[in-house]
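Novice: Quick one: this structure, given as structure tokens, is what I'll be asking you about.
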Amino acid sequence: MLRFACATALGALLVLSTAASNAEPTFVNGLVIPGDSVDKTGVASANGGRVGFFSDIYYDPREQQWWALSDRGPGGGVLAYETRVQRFKIDIDRKTGAISKFKVQKTIKFSDPKGLLTPPSKADLDNPQALNGLNPAELNGNAAVLGRSFDPEGLVVSPINGHFIVSDEYGPSVYEFNRKGVLVKVFETPANLLPRLQVAPGNPGDLDFVAGRADDGIFFGRQDNRGFEGIAVSPDGKKLFAVLQDPLINEPDEPKPNDGRDGRNVRIVEFNSDRYSAGYGESTAQYAYQLEAQADIAARIKAQGGSASATDPRQGRNIGLSAIVALNDHEFLVIERDNRGLGVDDPEGKMVVGSKRVYKIDISDATDVSTLVLPGSDLAGAGIIPVTKSGVFIDFTEDTVLPNGKQPEKWEGLAIGPRLSDGARLILAGNDNDFSVTQNGSNVQFDVYVDFRGSSVQRDIDQPTKLNGVEVGPVPNGYVLIPGVLHAYKASADDLAGYVAPGKRGRECKRCEEDSDD
């Protein structure tokens, strides 16, 4: 049964679940965080300090700190935005797991003063050393040059040295930053993941980090805006696991217009993150993860009175992975979801949701597919063993804290938090609200306001009385920017059997470069 609470205001809304305990993590409560919340920069503009919320969440047990990652900023890569990570605080009831009082404590911007990424950003940007959310064509004037274009989507804190390790969709890339946000290491991206033009059938050509699909000449590598969506780290910090959101363009190996968009098989890429080893920063393996069958998701949508077809939501494009969290060095939690729900693409929240789920997976017996092209669905026929996948671990759609039963579109943040007084642990999940700004690819973007009753309005960014430069009056009463959402779940020791918390860091951490509480 869906449980939700109506709200007349969007402050830090606290909603307690009345559900009985079961064998899976239990929903405890949630927070609704206003979409106009500002980070510690204090800049209230959309691409200044407006919090973009939770493209990922990480809990650092050594320092007992929560971190939240915003992605490339408002506008879908066409507005300049200095990418950043936020340290935040929430109060936790150690008996029940209930959360309250979300607050941003620190904002750290990502930068490249050492010049590890070239060419630098445009000189006319406020900070040419910043890793910027503009796409490569906008930032560098060349779709083949990644440079400092950055779409951060996954975050961990290294158990070895306390550094931030962040995965990126544009490349796809994995970068390591020190505690001041300075880039110190660029990990190797496997060649088969890089998006390339085709010079002849089966012959990869030049890089293109912006083009979308075969119609644009892209026939190889990751789909546009479907790079490394999440990242996990082993408890000892020696291995990283980055997950692509959807299949590669050339998987399944079929002619256009499929472009990977009808595939079921997503890649999890393993990296060596042991800075004391010879292979530090190199990719060591790739594993196949099989998404839930599209027909099953479509059936759930239809059973709720919604409409769905074989390509809506589309397997391998609208259905994919958005987060990965390590339980140990071989078991993980992942978020698998569709693109339905209340968000900037569907601000009325009219489309029935089919899939917002967490699964537990194990890579122990999975085939290393680094040198293989994955088929459409029949992995067994190709002699490939995918990662094993449990039943549903958490179903986000069973509970909501948004008014009128609305469901957030993009569940992207997931973290295992502190131990509670009875030995259970808190699991925290969060949404990406896209800064509540349209993502249509145009250089003209708009703020999106919703009333949670099936209506929405747009206004010029940061100008709530104007639309296309014309005065149209204030935003109607009851309409707000799309909020951030947090869900708290209580997971028993049995739920998290095999979980190993990230280990203690060595002396080199030095209190993580004196990152003190504010």
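The values are calculated or read from the model by the stated rules, or taken from the named source; none is laboratory data. In this text, all values refer to a predicted model and were calculated from it rather than measured experimentally. Don't worry about glycine lacking a Cβ; one is built from the backbone with ideal geometry, like all the others, and counts go over all protein chains shown. All accessible areas refer to the heavy atoms of the entire protein, side chains included, with ligands and DNA or RNA removed. Shrake-Rupley method; radii C 1.70, N 1.55, O 1.52, S 1.80 Å.
Novice: Net charge near Asn433: determine it from the other residues with C-beta under 9 Å of the C-beta of Asn433, scoring Lys and Arg +1 and Asp and Glu -1.
Specialist: -2
Novice: Contour minus end-to-end for Ala295 and Asp126, with contour as 0.36 nm per residue of separation and end-to-end as the Cα-Cα distance? Could you put the intermediate results ahead of the total?
Specialist: Working: separation 169, 0.36 × 169 = 60.84 nm, distance 4.83 nm.
Here the segment from Ala295 to Asp126 would lengthen by 56.0 nm.
Novice: Ok, one more. Taking a probe of 1.4 Å, how large is the accessible area per residue of the chain, in Å²?
Specialist: Spelled out: the 1.4 Å probe surface of the chain, per residue, equals 37 Å².
Novice: Pairs to check: Lys180/Lys238; Lys103/Lys239; Lys114/Lys410; Lys109/Lys239; Lys180/Lys239. Give those whose C-alpha atoms are more than 29 Å from each other in this structure.
Specialist: Violating the 29 Å Cα-Cα cut-off are Lys103/Lys239; Lys114/Lys410.
Novice: Keeping all protein chains in the complex and leaving out DNA, RNA and ligands, what accessible area do you get for Asp91 with a 1.4 Å probe, in Å² to the nearest 10?
Specialist: Answer for Asp91: close to 60 Å² accessible.
Novice: Can you tally the net charge around Lys466? Count Lys and Arg as +1, Asp and Glu as -1, for every other residue whose Cβ sits under 13 Å from the Cβ of Lys466.
Specialist: Net of charged neighbours comes to -3.
Novice: In terms of modelled amide H atoms, which long-range or inter-chain residues lie less than 5 Å from the amide H of Ser173?
Specialist: Result for Ser173 returns Asp168, Phe228.
Novice: Counting only protein heavy atoms and a 1.4 Å probe, tell me what percentage of the chain's accessible area is made up of carbon and sulfur.
Specialist: 48 percent
Novice: Here's something else I'd like to know. How long is the gain from Ser100 to Val43 if the chain were fully straight, where each residue apart is worth 0.36 nm and the alpha carbon distance is subtracted?
Specialist: Computed gain between Ser100 and Val43 is 18.1 nm.
Novice: Further, regarding this structure: Which distance in nm do the two modelled labels at Ile385 and Val184 give, with both placed 7 Å along the Cα-to-Cβ direction?
Specialist: It works out to 3.8 nm between the two label points.
Novice: Could you pull out every one of the lysines with an alpha carbon less than 19 Å from that of Lys302, ignoring same-chain neighbours closer than 8 positions?
Specialist: Lys350, Lys356, Lys406
Novice: Shifting gears a bit: Given the C-alpha centroids of segment 414-434 and segment 180-195, what is the distance between them in whole angstrom?
Specialist: Cα centres, segment 414-434 to segment 180-195: 28 Å.
Novice: Suppose each label sits 7 Å from its Cα in the direction of the beta carbon; what would the Asn328-Lys302 distance come out to in nanometres?
Specialist: Result for the modelled spin labels: 4.2 nm.
Novice: Here are labelled values, (i) 58, 24, 23; (ii) 54, 23, 21; (iii) 30, 27, 26, and one is the computed semi-axes √(5λ) of the Cα gyration tensor in Å for what I pasted. Which one?
Specialist: (iii)
Novice: Oh, and also: Run the quick spin-label model on Glu282 and Ala493: label points 7 Å from Cα toward the beta carbon, then report their separation in nm to one decimal.
Specialist: It is 4.1 nm.
Novice: At R0 = 25 Å, how high is the FRET efficiency between Lys504 and Ser370 if r is their beta carbon distance? Nearest 0.05 is fine.
Specialist: 0.20
Novice: Now for a different question. If you stretched the chain out fully between Val199 and Asp378, how much longer would it get, using 0.36 nm times the residue separation minus the C-alpha to C-alpha distance?
Specialist: So the extension gain works out to 61.5 nm.
Novice: What is the sum of charges, Lys and Arg at +1 and Asp and Glu at -1, for the other residues whose Cβ falls under 12 Å from the Cβ of Arg300?
Specialist: 0
Novice: Going by amide H atoms built from the backbone, whose H comes under 5 Å of the H on Arg222, apart from near neighbours?
Specialist: Close amide H contacts, sequence-distant or interchain: Leu194, Ile249.
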